[in-house]
Amino acid sequence: MDDCISSDEDYYDSDRDSLHGLENEDSEIQRVPKTPSTKVITKESLLAAQKEDMRRVMDLLSLREYHARTLLIHYRWDVEKLFAVLVEKGKNHLFATAGVTMIENRSNSSSEASSMVMCDICMEEVHGNDATRVDCGHCFCNNCWTEHFIVKINEGQSRRIRCMAHKCNAICDEAVVRTLVSKRHPDLANKFDRFLLESYIEDNKRVKWCPSTPHCGNAIRVEDDEFCEVECSCGLQFCFSCLSEAHSPCSCLMWELWIKKCRDESETVNWITVHTKPCPKCHKPVEKNGGCNLVSCICGQAFCWLCGGATGREHTWSSISGHSCGRYKEESEQKAERAKRDLYRYMHYHNRYKAHTDSFKLESKLKESIQEKISISEERESMLRDFSWVNNGLSRLFRSRRVLSYSYPFAFYMFGDELFKDEMTEAEREIKQHLFEDQQQQLEANVEKLSKFLEEPFDQYTKDKVMEIRMQVINLSVITDTLCKKMYDCIENDLLGSLELGIHNIAPYKSKGIEKALELSACWNSKANTSDKYPPSDCGTSGKVESTFLHFS
């Protein structure tokens, strides 16, 4: 593909090969459909997703459901890590660190139920039926247990409520918590259940809430790398790592700094910077409304407008009392020049970032008009029935335009002094900047050409003219895709990769755009251990999850 980027004639000559490659790619996709690696977890499927992971642990270790949940919460729902700890350090270590205590005869015996029990918390003797013994063996009165559970739930510690005994690490049985709390506060028991359910999202590094506003109620689960960009079923595309808008090839840190800088460098701030100067005493901006260079702030401080230095009150045609700024000071001039250069540099990158962002918004409106053109062309030209090249070209245009837009904030920080000043020499910085800008320039030129051809009124052209546009669009679609891949390879290998800075990982490039997550089924596989000893709870015989006990706010 390197040879097809040199001239307009080469674009056209290589079109046949590009078209063949694109057709092969499409046919390959049809033969081997790829299942999306990201899933949308709705309110209905959240319980099913949680039970899926719990069932794996229950089957392997022959545990009750709440024990499996306790283990998974401790290991942040990382089943593979849990299994690795089990293999390396054994079951006893696994249970002890997570606060799981296994006692066969946990329930009160008949003799204990009929006798009196001393509660070590309130120091009162209560009937055995009014006390509860948990897995670790500690027994307290139900009133103390209930108060303890209520406090912990209100403090947001529902997911790991520990035993009240001194230095006891055991996690309380969620069934005991639910039973005792529901007698006094049914709403709080529902809140407890909701917290346990949402633990699958809150404590899971592979699952995060969709950041849509207003919130769609969905969560996204990724199977592979957390540095990826995903699309929720509500249509929002975002970075899974930082939950801001999809921003590759910018790293999350770069994007955070860029957004902050864009807010700080607003038009109002720019106007204040240009038209006012800070008072040397109170530092408030002061505007000059006369010809005299001696200005006074409302705080009473007089200062020189030329250099900003504090002065006395006397001011004549020849001098300003207590102050002289007519002499050239190299340090102050260098500082002013540096500030001016930094502002111009920022405006250079910001203007191009905004221009491509605006172009993306305008081009997004092309889809409806293009569909109308396709319908008219199909009715008029019976020989041209396949207009998939238009939609493919539009998809590649959107993807490459986004890459181009976010490449400017990336370049601003990659080759500036904010992040990598000490990581590269000036010579290395210059070489890398030229390398990146060459690729950026090639991508920019081809994106503009692709945009121009897609805006053509092909529904009004002859068949030969349409075929010519078709070949150009297909060729440019492949070229822009190749250039995007090369830019990402350059960033990952030659720029960020050479610095070995893990905090600047970026989402990988995908030719077909950001992957749209599929909704996870609300049904789960119930073909698991269903013995009487360890019965599954809250599930039907058909594998349909029953979640009627949950009340979402």
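The values are calculated or read from the model by the stated rules, or taken from the named source; none is laboratory data. Model, not experiment: these values are computed from the prediction. Cβ sites come from the backbone with ideal geometry, for glycine too, and all protein chains shown count toward neighbours.
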Quiz item: What residue, among those in the range 445-461 that are among the aromatic types (F, W, Y) and at pLDDT below 90, is nearest to N392 (Cα to Cα)?
Solution: F458
Quiz item: Is it true that some residue in the range 463-471 is more than 18 Å from L253 (Cβ to Cβ), crowded, with 20+ Cβ neighbours inside 10 Å and at pLDDT 90 or above?
Solution: no
Quiz item: Given the conditions (1) surrounded by fewer than 16 Cβ atoms within 10 Å (Cβ to Cβ); (2) touching a residue at least 40 places away in the same chain (Cβ under 8 Å); (3) in a loop (DSSP other than H, G, I, E, B), and given that H215 satisfies all but one, which numbered condition is not satisfied?
Solution: (2)
Quiz item: What tally of residues in the range 452-467 results from selecting those that are farther than 18 Å from E378 by Cβ and without any contact (Cβ under 8 Å) to a residue 24 or more places away in the chain?
Solution: 1
Exercise. Go through (1) surrounded by fewer than 17 Cβ atoms within 10 Å (Cβ to Cβ); (2) at pLDDT below 90 and name the single condition V117 misses.
Key: (1)
Quiz item: A507 versus (1) of a type in the set (A, V, I, L, M, F, W, C); (2) at pLDDT below 85; (3) assigned to a loop (DSSP other than H, G, I, E, B): which is the lone unmet condition?
Solution: (2)
Quiz item: Tell me, which residue of the range 97-114 that is assigned to a helix (DSSP H, G or I) and closer than 21 Å to C144 by Cβ is modelled with the highest pLDDT?
Solution: S114
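On the given criteria, is L94 touching a residue at least 12 places away in the same chain (Cβ under 8 Å), assigned to a helix (DSSP H, G or I), surrounded by fewer than 17 Cβ atoms within 10 Å (Cβ to Cβ) and not basic (K, R)?
Against the criterion (touching a residue at least 12 places away in the same chain (Cβ under 8 Å), assigned to a helix (DSSP H, G or I), surrounded by fewer than 17 Cβ atoms within 10 Å (Cβ to Cβ) and not basic (K, R)), L94 does not qualify.
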Quiz item: part of a loop (DSSP other than H, G, I, E, B), buried (at least 16 other Cβ atoms within 10 Å of the Cβ) and modelled with pLDDT of 85 or more: does that describe C307?
Solution: no
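Among the residues of the range 115-154, which ones are charged (D, E, K, R), farther than 21 Å from T101 by Cα and not in a strand (DSSP E or B)? Reasoning before the result, please.
So in the range 115-154, the residues charged (D, E, K, R) come out as 120, 124-125, 130, 133, 135, 147, 152.
Checking which are farther than 21 Å from T101 by Cα leaves us with 124-125, 130, 147.
Once the filter is applied, which keeps residues that are charged (D, E, K, R), farther than 21 Å from T101 by Cα and not in a strand (DSSP E or B), the range 115-154 yields E124, D130, E147.
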Quiz item: Mind checking whether some residue in the range 351-371 is closer than 26 Å to A445 by Cα, assigned by TED's automatic domain parsing to the domain that holds Y488, assigned to a helix (DSSP H, G or I) and in contact with an Asp or Glu (Cβ under 6 Å, 6 or more places away or on another chain)?
Solution: no
Quiz item: Looking at the range 165-190, which of its residues are within 19 Å of D120 (Cα to Cα) and surrounded by fewer than 19 Cβ atoms within 10 Å (Cβ to Cβ)?
Solution: A165, H166, K167, C168, N169
Exercise. Could you give me the residue pairs with C-beta distances under 9 Å whose first residue belongs to the range 434-446 and is touching a residue at least 40 places away in the same chain (Cβ under 8 Å) and of a type outside the set (A, V, I, L, M), whose second residue is crowded, with 18+ Cβ neighbours inside 10 Å and not in a helix (DSSP H, G or I) wherever it lies, and which are 6+ apart or on separate chains?
Key: F436/F415
Quiz item: Any idea which residue in the range 450-462 is nearest to the chain's Cα centre (by Cα), counting only those that are surrounded by fewer than 18 Cβ atoms within 10 Å (Cβ to Cβ) and part of a helix (DSSP H, G or I)?
Solution: K452
